[in-house]
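Comments concern the structure below.
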Amino acid sequence: MKGKKKDYLLLKIATIFLVILFLFIAQRSFDAYILRILNLSGIYVILGVSLNLINGFTGQFSLGHAGFMAIGAYASALLYMSPELKEVNYFIAPLIWPFSVIQVPFVFSLIFAGLLSAGVGFLVGAPCLRLKGDYLAIVTFGFSEIIRVLFNNLQSITNGPLGLKGLPTYTNLWWSWGIAIFTIWFIKNLVNSSYGRALKSIREDEVAAEAMGVNLFYHKVLSFVVGAFFAGIGGALLGSLLMTIDPNSFGFAMTFQIIIIVIVGGLGSIAGSVIVGILFAILMEVLRAVESPMNILGLKIPGIPGMRMLIFSILLMIVVLFFQQGLMGTREWSWEWLHHKLTRTKKELEEGS
Amino acid sequence: MSLSIFFQNLINAISLGFLFALIAIGYTMVYGVLRLINFAHGDIFMMAAFFVFYTMTIFSLPWGIACLVAIVLTMLLGLSVERVAYRPLRNAPRISSLCSAIGVSFLLENFAVVVFGGRPKSFYCPEFFTKTFILGGVRVLGINFVTPLVSIVFLSLLSYLVYRTKNGLAMRAISKDFDTARLMGINIDRTISFTFMIGSGLAAVGAILWASRYPQIWPFMGVFPGWRAFTAAIIGGIGSIRGAMVGGFLVGFISIMLVAFLPELAGYKDAFIFIALILVLLFKPEGLFGEE
C-alpha cells in the first residue's frame, strides 16, 4: 500500500514537472497564434469544468454562465486598466469615481472578479435554486440577459455598447493554465469530498437526498457560487486575452459554447470537460478553414460564414440523441488509472522482449 | 403626450399583444402535452418568414399563396423537429430533452445563417399593410387592422379545435395525465405531432404578421419575439391558452408603453421583461391562469 502511494507521488511530481516544462517551453518559443489557441483552451477548461460542477454534478441546469463571465470580465478590467486608458475609453460619459483613479495588479483584479461574480451568484442562486429543471434554466438565462442589457446601458460604468478596447494583455499560459489546473484540482477535491457526495445525491434524487439529511439549499447554492466564482475568473482571463470586451459577446451564444463542452464531454466528468474544452478551442481555429475561401486543385470553393457553429450544433445534436453519456460519461481519469496504464505497458513490454 | 398619441400607442400595443399571443400559444400547447419548453419555437417562427420569402422569390408565387405554402411548410418543420429531436428522448431524463431543444434552436439559427445568409433581407407585404390611415386624428397603420383581425380568426379556430373536437379532447387529456390518457386508448404520438403542427402553424401566421410589421428578416429574428412570447406564456400560466393571450397583451403593453412614456428607460426594455419573467416564476410559478 505504502509503495503504491509513493508511486503515485512520484507520478504526480513527474506530471507536474512535465506540465510546467511544457508551459515554459511553449510560452518561450511558440508563436502568437498557437499561444492564443493554448490560452483559449485553458480558459475553456476553466469555464467547462465550472459549469459541469453546476450542470453535471449537481444536476441544476444553468444557462447563466455568460452572465457571470461578463461580470468577471468587466470587474477585472475596471481594476487593472490604467487611469489614462480608462480616460481614453470613456469618452461619452466619464467613469464613476472610485474606479476612475484606482489600478491594482492583475492577480488582485482576478480575485475580485471571482469574488464579485460569486457574490452575484449567491444573490441569484439563493432565490432561484428553488426552481427545478427547465424553469431554473430559464431563470438563469433571464439573469444573463439582464446582465447583458444592463452592461449595454450603464454608460458610466461599463461604457455601454462601445465596450472596452485596448486592454493590456496580461493573460499568458501561466495564468490561463495555472488557473485551469487550480480549477480542476479544486473542483475534483470538492466533488470527491462529502460535499461532492451530497451534490451527486441531489442530482440523483432530490427527495431521497433531503430525507438522508442533505441540506438541499446549502449544497445547491454552494455549487452555484463556486461555479460562478470560476466563471468570473474565466471571463476576466478571456477579456484580457482578447484585449477587448464587448457586452454583446456575452450572449446566449457564449453560454451555448460552454454547454457544448459540458454535454459532449459528459455531464459529470471533469476529464471529459477538460478534453473537450481543449478540443473545442483547437477545432474553433481549425474549422476556420471552412469559413474562408479555399482553392483545391484549381477549384475555387467560396467560404461559408457561420459553418463552424453549424458543425458544432450538429455535433451537439448527435451527442444528445445518440450518445447521451457524452465522451466520458461520468468516468474520470485518476492517478490510479494512469499508474495502472503505465505499469501495465511496461510489464507487457518486458514480456514482449 | 396628447390623447391621439396615446391611442396610437394603444393600438400598436394591442396589435403587438395579439402577435405575442399567437406565438405564445405554441409554447403553451407544447408544454401542456410534453412538459417541455420548446426553445426552438422562436426559430421555427424565423424559418416561416424565410419560407414566405423563398417561395415568393424562387417560384414567384403571389403573396397569398406563398403564405399558405409557408404555413404548411412550417407545420411540417414543427412535425419533423418533434419526430427527430424530441420523440427519441421522451423517456430520457428531462435534462436531455432540454439540451435537445436548445440544440435544435441553435441548429436552426446556424442553418439559416449558412443557407440564407446572415444579412437582413427585406420582406414583401401588400401595400395595404404599410398604408397609414387617419381616424379622428389617430394615425393607424394598415397592419394594425390586419393583425387583430387575423389573430382573432385563428384564435377562435384554435379554441374550436381544442374545446370542440376529438383531437382537442385528446390534447387536453394528455396534458392532464399522460399515462392515463395512453391507457384510455389515445394515440399519444399522433396527438403530440398534431400539437406541434398547430403550434408551428400559429407561429407561421405570427411570423408573417411580424415580418409585415418590421419588414426585415434575418436568422436571429426569432430570438427576441420568441423570448417575449415565452415570457407571455409564463406570465399567463403555461399550459393555458387564455393565459397565453392575456400574457401576450401584457408583454405587448410593456414593450410599447415603456418606450412611449419612459423613453430614457427604453434601453432596459428587455431587462424589465426578463425581471417580470423571473418574478412570476419565483412567486407565482403557475402564472395568472395556470393550473396548480
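Within the listed set B:Ile25, B:Ile95, B:Ile174, the Gaussian network model of chain B (springs between alpha-carbon atoms below 10 Å) gives the highest mean-square fluctuation for B:Ile95.
With viscosity 1.002 mPa s and temperature 20 °C, the Kirkwood radius over alpha carbon pairs of the range A:239-290 converts through Stokes-Einstein to a diffusion coefficient of 175 µm²/s. Relative to its Kirkwood radius, the Cα radius of gyration of chain B gives an Rg/Rh of 0.97. Each peptide in B:211-224, A:186-199 was scored by the mean count of other Cβ atoms within 10 Å over its residues; highest first, the order is B:211-224, A:186-199. Report, ordered by chain and residue number, the aspartates and glutamates lying within cross-link reach of B:Lys176, taken as a straight Cα distance under 15 Å and ignoring same-chain residues fewer than 8 apart. Within the straight-line cut-off, B:Lys176 pairs with B:Glu286, B:Glu291, B:Glu292. Our coupling estimate for the range B:247-253, obtained by passing each phi through the Karplus curve with A = 6.51, B = -1.76, C = 1.60 and θ = phi - 60°, is x, x, 4, 4, 5, x, 5 Hz, Gly and Pro reported as x. Taking 23 Å as the limit for the C-alpha separation, the pairs A:Lys132/A:Lys220; A:Lys200/B:Lys284; A:Lys12/A:Lys220 exceed it in the case of A:Lys200/B:Lys284; A:Lys12/A:Lys220. Histogrammed with a bin width of 10 Å, the alpha carbon distances of the protein assembly as shown distribute as 3, 14, 24, 25, 19, 10, 4, 1, 0, 0, 0 percent, first bin at zero. Prolate is the label for the range A:31-251. Its Cα gyration tensor axes, ordered a ≥ b ≥ c, give a/c of at least 1.5 and a/b above b/c. Between the amide H of B:Val138 and any residue lying 5 or more places away or on another chain, no distance stays under 5 Å, with hydrogens modeled in the peptide plane. Across chain B, the mean sequence separation of Cα contacts (distance under 8 Å, 6 or more residues apart), normalised by length, yields a relative contact order of 35 percent.
The interface between chain A and chain B buries about 3400 Å² of solvent-accessible area in total (1.4 Å probe, ligands and nucleic acids excluded).
Average accessible surface for the range A:31-251: 37 Å² per residue, computed with a 1.4 Å probe over protein heavy atoms with every protein chain in place. With the dipole of chain A worked out from charges on the C-beta (+1 for Lys and Arg, -1 for Asp and Glu) around the Cα centre, which of A:Leu115, A:Gly213, A:Gly166 lies farthest toward the positive end? Among A:Leu115, A:Gly213, A:Gly166, the one farthest towards the positive end of the dipole of chain A is A:Gly213. Coordinate range of the alpha-carbon atoms in the range B:182-292 per principal axis, descending: 57, 36, 20 Å.
Given a cut-off of 27 Å, what percent of all Cα-Cα pairs of the range A:194-325 lie beyond it?
Distances greater than 27 Å cover 39 percent of the Cα pairs.
Based on DSSP H segments of at least four residues, each scored -39500 (n - 2.57), the protein assembly as shown has a per-residue ellipticity at 222 nm of -24000 deg cm²/dmol. Is the shape of the range B:115-228 rounded, prolate or oblate, going by the alpha carbon gyration tensor and its root eigenvalues a ≥ b ≥ c, with a/c under 1.5 for rounded and a/b larger than b/c for prolate? It is oblate, given that a/c is not under 1.5 and a/b is not larger than b/c. Taking θ as phi - 60° and the Karplus parameters 6.51, -1.76 and 1.60, the scalar couplings of the range B:206-215 work out to x, 5, 5, 5, 4, 5, 6, 7, 10, x Hz in sequence order, x denoting glycine and proline. May I ask you to list the aspartates and glutamates whose Cα is less than 13 Å away from that of A:Lys188, ignoring any residue fewer than eight positions away on the same chain? Filter leaves A:Glu332. In chain B, the longest principal axis of the Cα atoms and the axis of helix B:142-164 are about 20 degrees apart.
Rounded, prolate or oblate, given the Cα gyration tensor of the range B:61-107, with a/c below 1.5 counting as rounded? Prolate shape, in that a/c is at least 1.5 and a/b is the bigger ratio. Each residue of the range B:127-140 was assigned a 3J(HN,Hα) from its phi angle through the Karplus curve 6.51 cos²θ - 1.76 cosθ + 1.60 (θ = phi - 60°); the sequence is 4, 4, 5, 9, 6, 9, 10, 10, 10, x, x, 9, 8, 10 Hz, with glycine and proline shown as x.
The values are calculated or read from the model by the stated rules, or taken from the named source; none is laboratory data. Just so it is clear, the structure is predicted and the values come from calculations on it, not from any experiment. So basically every Cβ, Gly included, is an ideal-geometry build from the backbone, and we count neighbours across all protein chains shown. With ligands, DNA and RNA removed, areas are computed over all heavy atoms of the protein, side chains included. Shrake-Rupley method; radii C 1.70, N 1.55, O 1.52, S 1.80 Å.
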